[in-house]
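Let me begin by presenting the structure, written as structure tokens, before commenting on it.
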Amino acid sequence: MISAGEASGDMYGAVLAREISALDLKTAFIGMGGPGMRAAGVKTVVDANEMAVVGLVEVVAHFPVIVKAFNTLKNILHSDPPDLLILIDYPDFNLRLAKVAKKAGVKVLYFISPQVWAWRAGRVKKIGRVIDQMAVLFPFEVPYYEREQVPVTFVGHPLLDMVRPAMTKAEATTKFGLADGRRVIGLFPGSRRGEIKSLLPVILQSARLLKDRHPDIEFVLPLASSLKREELQPSLDACGLEIKVVENATHDVIQICDAIITVSGTVTMEIAILGVPMVIIYKVSPFTYAVGKRLIKVDHIGICNIVAGERAVKELIQHDAEPEKIAAEITAILEDTEYANKIRKSLAAVPAKLGNGGALHRVAQLALSLMRENEKT
């Protein structure tokens, strides 16, 4: 069973399922995922697209859907237990599911650690009681688990293998219907419907300001696999701008951009690996923000900045995530070559901190090792 609760988890889950199948053709998969995992042969009894919410208020509003999903997977763990449960990120949901699995005698592999280095480091001991193996993306995560004697393996970051544009820049420019030689701004509103609701209008207002200042620029928006085009279309129609919406080609979109406006999340790492200057925006409900500000102990919101160990790219958080400031940052990137090159240099240090590739192959090997232990017992 694989449990992934949003678009990035679905992406990793799909590749992981393929890696495991390549090592053991007899393996069958069931769980929670999206279109990527379904295409990889996972029977998704819960659609991850319905689970992608962020923020305390947002989760409460979505609670009935989350409870139904949890009970579906819980019932399978009791009635027809799998040989292994693989959890991908999505900690509040997945750690509860891990507890059920352990009681049912199912081994648990957790891939992509909860951010114990950012908040609630005391969770590590509790996590260790409900999992059999933790696979982490970053080397600095390992000591948190080793201190509590929780089995942990640094596998590296899967994006090193996955961030691969399929086209040349010239081919992508032509395919997406963009004019050759014009500057391109990427608009990345996220994969969660809550993000779309709160941040897409802000991003589009920023784009309007940028178009007024730079009439020659063009805009391109990659559509997350968890969303449908019609969910964005009313906002796109109302903004009065020509925006190219592209499906299933995020990395090709990134590589042709001169600058990107993006929400925080996994996508900032994809952008960083391809070395494109960006501005990160983040906004949740006032209550969620007030609680998070007290609990979270990191200097940066963007994971690319955390990995870089510096504010490689600007973050505009909560009330600062407003069109004028966003447009001003993108303008600075477009007009100040020295500033843009400084950002690129900082981002160039990120891939070297992510391991040597092969992360999901290593996770697949861990998964099969745990299943073989099951067979022996």
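The values are calculated or read from the model by the stated rules, or taken from the named source; none is laboratory data. Please read all numbers here as calculations on a predicted model, not as lab measurements. Neighbour counts run over all protein chains shown; Cβ positions are idealised from the backbone, glycine included. Protein only, heavy atoms only, side chains kept; ligands, DNA and RNA dropped before computing areas. Shrake-Rupley method; radii C 1.70, N 1.55, O 1.52, S 1.80 Å.
Odds and ends about this structure:
- Within segment 6-32, the set of residues being outside any helix (DSSP H, G or I), under 28 Å from GLU195 (Cβ atoms) and among the charged types (D, E, K, R) comprises just one member, GLU6.
- Unmet criterion (only one of (1) under 26 Å from GLU141 (Cβ atoms); (2) open to solvent by 50 Å² or more (accessible area, probe 1.4 Å); (3) at pLDDT 95 or above) for ARG311: (3)
- Of everything in segment 217-233 that is under 14 Å from PRO189 (Cβ atoms) and in a helix (DSSP H, G or I), the residue that is most open to solvent (accessible area, probe 1.4 Å) is ARG229.
- Against the conditions (1) at pLDDT 95 or above; (2) under 20 Å from the mean Cα position of the chain (by Cα), VAL267 satisfies every one except (1).
- Restricting attention to segment 127-177, the residues being under 27 Å from ILE254 (Cα atoms) and among the aromatic types (Phe, Trp, Tyr) number 2.
- Qualifying positions in segment 95-124 - basic (Lys, Arg) and at pLDDT below 90: ARG120, ARG123
- One residue from ASP92, ASP80 being acidic (Asp, Glu) and at pLDDT 95 or above: ASP80
- Residues of segment 202-221 satisfying the condition of being within 20 Å of LYS283 (Cβ to Cβ) and either touching a strand residue (DSSP E or B) at 6+ places or on another chain (Cβ under 8 Å) or among the polar types (S, T, N, Q) (or both): VAL202, ILE203, LEU204, GLN205, SER206, ALA207, LEU210, LEU221
- Scan of segment 274-308 for residues that are surrounded by 23 or more Cβ atoms within 10 Å (Cβ to Cβ), at pLDDT 90 or above and not in a helix (DSSP H, G or I), ordered by number: VAL276, PRO277, MET278, VAL279, ILE280, ILE281
- Against the test of being within 30 Å of PRO215 (Cα to Cα) and either loosely packed, with under 14 Cβ neighbours inside 10 Å or modelled with pLDDT under 95 (or both), the options ASN374, ASN356, ASN341 yield a single qualifying residue, ASN341.
- Among the residues making up segment 234-272, those that are assigned to a helix (DSSP H, G or I), open to solvent by 40 Å² or more (accessible area, probe 1.4 Å) and closer than 27 Å to ASP180 by Cβ are ASP237, THR250.
- Subset tally (residues that are of a type outside the set (Val, Ile, Thr), closer than 17 Å to MET278 by Cβ and in contact with a Leu (Cβ under 9 Å, 6 or more places away or on another chain)) for segment 185-203: 7
- Scanning segment 340-377 for residues that are more than 30 Å from ASP24 (Cβ to Cβ), of a type in the set (Lys, Arg) and without any contact (Cβ under 8 Å) to a residue 60 or more places away in the chain turns up LYS342, LYS345.
- Segment 57-114, residues that are touching a residue at least 60 places away in the same chain (Cβ under 8 Å) and not hydrophobic (A, V, I, L, M, F, W, C): GLU58, PRO82, ASP83, ASP89, TYR90, ASN94, LYS107
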